[in-house]
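See structure below.
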Amino acid sequence: MSAALNAIFQSHRRSLLWTVMRIVRDPQTAEDLAQETYLKARKALETRPIEHVEGFLFQTAQNLAIDHQRRKAVRNRYEASDAAREDIENVATVGPSIEDDLIQRQRWRAFEGALAELPVRARTVWSMIHLQGRTCAEIAEHLGVSRNTIYNDIKLVMGHCQDVLARLDED
């Protein structure tokens, strides 16, 4: 059926282009939409038989052109084409700045380095609390140590990480 679609598309290509061109009034857009029409028809033929391929092509092309014009109208309504480039570039972003992102990554690497310097049990306690969501009692039982030992390990991790981050902030 793909060969038949190719033949039908080729024989009606100019008419399809003019159908689309009457709606979008742009040759490049018309060409793009005609190609999209072919792809949609090919995909549709893979899932079901189409009785009137020519009619399907023309209706699909027309629908794509109308949808394109609707999207364009909405874009034009909300995009100010006369806005100065400087105004556009100075719009505040929702996320962090590049500098803030860099600082956060630097702090995260320092934090990871600080954790790596700690004894294995202290790192294990930290990960069980923060990554697994376990309680101090559960960790103490799991590791076979007292709750006070777990509390001391937590204090060790927090103190060490705060020191490393404070040194980073001083630099």
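Assorted remarks:
For (1) touching an Asp or Glu at 6+ places or on another chain (Cβ under 6 Å); (2) open to solvent by less than 70 Å² (accessible area, probe 1.4 Å); (3) in contact (Cβ under 8 Å) with a residue 40 or more places away in the chain; (4) at positive phi, each residue gets a yes or a no:
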residue	(1), (2), (3), (4)
E99	no, no, no, no
L102	no, no, no, no
A122	yes, yes, no, no
S127	no, yes, no, no
G133	no, yes, no, yes
C136	no, yes, no, no
E141	no, no, no, no
G144	no, yes, no, yes
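- Qualifying positions in the stretch 104-120 - of a type in the set (S, T, N, Q) and either touching a helix residue (DSSP H, G or I) at 6+ places or on another chain (Cβ under 9 Å) or open to solvent by less than 80 Å² (accessible area, probe 1.4 Å) (or both): Q106
- Residue count for the stretch 115-171, restricted to those that are among the hydroxyl-bearing types (S, T, Y), within 37 Å of the chain's Cα centre (by Cα) and part of a helix (DSSP H, G or I): 2.
- Number of positions in the stretch 22-62 that are open to solvent by 70 Å² or more (accessible area, probe 1.4 Å) and either more than 17 Å from I8 (Cα to Cα) or in a helix (DSSP H, G or I) (or both): 17
The values are calculated or read from the model by the stated rules, or taken from the named source; none is laboratory data. None of the values given here were measured: they were computed from a predicted structure. Note that we place each Cβ from the backbone using ideal geometry, even for glycine, and neighbour counts take in every protein chain shown. Ligands, DNA and RNA are excluded from the accessible area calculation, which covers all protein heavy atoms including side chains. Shrake-Rupley method; radii C 1.70, N 1.55, O 1.52, S 1.80 Å.
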